[in-house]
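Below: the structure, in structure tokens.
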Amino acid sequence: MAWRAQGGAILHLAVIAFVGLGAGLQRTAPVWFYSSLVLVCLLSISRLILIWRFDALYDSAPRLWQAGFFGGLLATCGIYGGLLGFLLVHHGLTVFTLFAVTLGVGFSIMMVVVYSHALRVVWAGILLIWVPLLATLAAVEGGHPKDLILWGSAVGFVYLLWVALQQYQERWEGLSARHQLALRAADLEGAQVELQQARDGLERLVAERTLALERTSQDYRQIFENAHDPIIIFRPDDEQVLNVNRRACEIYGFSREEFLRLSLASISENVVRGQTQIRETLQKGVYHNFESTQIRRDGSRMFLEINASAIEYEGRQAILSINRDVTERRKAEALRLAKEAAERTAQAKTQFLINMSHEIRTPMAGVVGLSDLLLATGLDERQGGYARLIQSSAVSLLRVIDDILDFSKIEAGKLTFEDVPFDLRALLRDITELLRIGAVARGTSLELFLPGEGDPLPDWVRGDPGRLRQVLINLVGNAVKFTDGGAVSVRAGLEEDGRIRIAVEDTGIGIPVEAQGRLFELFSQGDDSTSRRFGGTGLGLAISKRIVEAMGGEIGFESAPGAGSTFWIRVGLERGTPPGTEAPAELPARFRRILTAEDNPVNQLVIVEHLKSFGYDVTSVGSGLEVLEALEKGSFDLILMDCQMPHLDGYETSQRIRQLPEPLGRIPIVALTAHAIPEELDRCLAVGMNAFITKPFRGEALRRTIEEWIGAESGAAGTAVDDPAPPPPVPAARPREGKAWGATDEPTLDPRQIESLRAAGRESANPDFMAKLVAQFRKQPYIAQFRGALERGDRPALAGRAHALKGTGLFMGAVRLPRLCSHLEHLCQDSPMEECRRQVDAIEAELLKVFRELEAVAETAAPC
């Protein structure tokens, strides 16, 4: 519409100019004429601008564009209508005025044609042209022609309005029809697009599902083919094989083609049992873990563990059988059972040797002692000779028994070692002097060669002098025994790696080459005649090898038949200092006041004596509440906190201390606990403790921990200090029905812990410490509390008293008692009370033994 109106904009300006000039308005009304002409010119220009800038202006402000365009058009119509009225008023009904009116009619018809879709704009334009015309026609004089023109104009005016309305309706009906057609076409096109998209999506979905199905099928095929276990699909009625995987072919030895012609009944050892299992599988849907024996292609039997399921295969019912070959596992289980039986037999043999060695040693010791007494009674020469032969034979037999006993201890893993300072050079001299008499009797020289002064070989070392003496006596004794009229030399020195090497050289008979490979084996000697000629059990070198290796050393030899032998050992022994020469430990410089929290009076006494011996000022309390009260009354440099206390335990107490203002909130706290496990350290650190010491502890461990925290800031990384020689771990096995757990052949008391308690008494200058400690321990009513808890059926109380006695027993050096108590704690969880009662009986019996031996220790420790 806008582009069609471009010519009209120019035409309107031309019509007004033509009519005005034709009527001579430039002379009669120049102001009105020229101002109207300029205004129409401006309106035409603005309309042309709006038409040319339509895209830029209409999209951003459509209403403003319409107001400018249609406003300019209507203003032009108004000016033309005014021009017609002016002409009629001043010139009357002349040919020129009628021509101008005719132009107005054409003007109006053009508006109807061009702008008929905008009905209000057309009507407004017609009104602006015709109203001035009709008004002036009614006013001018002219008679009958005027009236005819007036009525004709009025009819033409109404007709134009009606035509405009008709054109408007037809135009919009056409536009609506085209619009609806376009919409339908667009809808149809959209539907076609959607239909195509749906068809494409459906095809894509079908393709994806098909591909996924193919992949799934391929995955199942791969799983089926690559499964580690044989998989067989067969018909349930006749057990005809329908499909197998590759592993089944490998295990059974049949090809796939051979398998597909088989019935499982033909390779099953028990067909009836197999049929029963098939029926149960069909009834249940699945059948798990039943065993079957089937035959391979080569005729060998194999044991199978089978999982079967009822499935549908190729449209018919089938059985899916996953068969695991457990033949090797069966063999391994049989071997394990045989091995365990052999181990039990070996343990029984070892225990028998230990028991018999002890039983034989006791009367033999009596024989040796009685022979000593007999030799002191003034026997004649022949009687004395017999008595000496009896004594010599008894001593030899005791030596054999000692070898058997050591061998039994080694086999049972019960060989123990000391770690004490000893004079190495003196030990070598003693051994040489001890065996020199026997060497001289055989016409053999025995010499010891030690480095001179300034040599790095230490005089004093740390280790087990008894075990080292045992090995060296065996080596030197063998050298003397197999050397007649020759020489034996013992040499010691320090090697570059810091280990000590001791070599025994002889010029004896040497060792046959064929016997050298088995020399360190049990019950082995050079040849069958060796034991008859020289005696011995063949255990000495085997025991020596195990002792040296247990000490972390090595043993070996070089020998040639008839040219003598050299046996050597290499052991790593730390340098030691002579007893009594250690510098006294310096007393702590900063931590002077220590608060110890321990509810058990026995444990409390031990801790206090240790701390006093270190030179500390000690305050002892028995609960967490008393700890908090003590902190309110005084200042302390460190707290030793028992974790298990009544009312307020060590964990909660530590948390409360950490909430106190500084400096109380930063005081170092060292936990005392019998739980030597990582979880306990984590729990202690979580509540704010700095370190912990496991019970029972040695005095040195306690001293070292306290000195470690001298000057340390509270909140530093926590540490755990374990006893250098902790008690044996508590076994987790439960006892057999009807027997109390814990009966062993172990000693009642741990000598190391007893010595630690004695040392605490000596260091604190309290000669009655052991006696007071044992008396305090004995007066605790543990058994009465156990019995009361049993009568009440109070499991928590029973477990609590067991825990308390366990900790006290550890402090007092008891070996079996803490383990019995620990097991009672375990029984209190869910075991019958009768079983708990039997365990209490065992604890009571063991506690009486502990009391007796502790009283004996206290008597030996009492001052004279």
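The values are calculated or read from the model by the stated rules, or taken from the named source; none is laboratory data. Predicted model, so just to flag it, every value in this text is computed and none were measured. Every residue, glycine among them, receives a Cβ derived from its backbone with ideal geometry; neighbour counts consider all protein chains shown. SASA here: full protein model, heavy atoms, side chains in, ligands and nucleic acids out. Shrake-Rupley method; radii C 1.70, N 1.55, O 1.52, S 1.80 Å.
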Margin query: Based on this model, can you work out whether Pro863 counts as modelled with pLDDT under 90, surrounded by fewer than 19 Cβ atoms within 10 Å (Cβ to Cβ) and more than 27 Å from Lys612 (Cα to Cα)?
Written below: no
Checklist line | Selected residue [among the small types (Gly, Ala, Ser), under 15 Å from Asp464 (Cα atoms) and modelled with pLDDT of 85 or more] from Ala560, Ala550, Ala597 | finding: Ala550
Next item on the list: Go through Leu165, Leu127, Leu83, Leu98 for me and flag whichever is over 24 Å from Phe18 (Cα atoms), in a helix (DSSP H, G or I) and either open to solvent by 10 Å² or more (accessible area, probe 1.4 Å) or at pLDDT 75 or above (or both).
Entry: Leu165
Check: Filter region 428-467 for residues that are in a helix (DSSP H, G or I) and either free of Cβ contacts under 8 Å to residues at least 24 places away in the same chain or of a type in the set (Asp, Glu) (or both); which is surrounded by the most Cβ atoms within 10 Å (Cβ to Cβ)?
Finding: Arg436
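So that you can scan it fast, the table gives a plain yes or no per residue for (1) exposed (fewer than 10 other Cβ atoms within 10 Å of the Cβ); (2) of a type outside the set (Asp, Glu):
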position	(1), (2)
Val272	yes, yes
Gln317	no, yes
Lys331	no, yes
Glu343	no, no
Notebook entry, point to check: Which is over 17 Å from Ile322 (Cβ atoms) and of a type in the set (Gly, Ala, Ser), of Ser292, Ser266?
Noted result: Ser266
Checklist line | Residues of region 296-315 satisfying the condition of being surrounded by 15 or more Cβ atoms within 10 Å (Cβ to Cβ) and over 20 Å from Asp229 (Cα atoms) | finding: none
Check: Does region 47-66 contain at least one residue that is part of a helix (DSSP H, G or I), closer than 21 Å to Trp162 by Cβ and in contact with a helix residue (DSSP H, G or I) (Cβ under 9 Å, 6 or more places away or on another chain)?
Finding: no
Next item on the list: From (1) out of contact with any helix residue (DSSP H, G or I) (no Cβ under 6 Å at 6 or more places or on another chain); (2) not in a loop (DSSP other than H, G, I, E, B), pick out the condition that doesn't hold for Val241.
Entry: (1)
Check: Regarding Thr293, is this residue among the β-branched types (Val, Ile, Thr), modelled with pLDDT of 85 or more and either in a loop (DSSP other than H, G, I, E, B) or surrounded by fewer than 17 Cβ atoms within 10 Å (Cβ to Cβ) (or both)?
Finding: yes
Margin query: With the structure loaded, tell me whether Gly624 is touching a residue at least 24 places away in the same chain (Cβ under 8 Å), touching a Cys at 6+ places or on another chain (Cβ under 6 Å) and not charged (D, E, K, R) or whether it fails that test.
Written below: no
Next item on the list: Kindly indicate the residue of region 1-32 that is in a helix (DSSP H, G or I), under 22 Å from Gln66 (Cβ atoms) and hydrophobic (A, V, I, L, M, F, W, C) and also least open to solvent (accessible area, probe 1.4 Å) among those meeting that condition.
Entry: Ala9
Note to self: Let me confirm something: among Gln240, Gln196, Gln218, which residue is within 30 Å of Val272 (Cβ to Cβ) and either among the basic types (Lys, Arg) or surrounded by 10 or more Cβ atoms within 10 Å (Cβ to Cβ) (or both)?
What the structure shows: Gln240
Check: Of the residues that sit in region 253-270 and are open to solvent by 60 Å² or more (accessible area, probe 1.4 Å) and not in a helix (DSSP H, G or I), which one is modelled with the highest pLDDT?
Finding: Arg261
Note to self: Among the numbered criteria (1) out of contact with any Lys or Arg (no Cβ under 6 Å at 6 or more places or on another chain); (2) outside any helix (DSSP H, G or I); (3) among the acidic types (Asp, Glu), which one does Asp484 miss?
What the structure shows: (1)
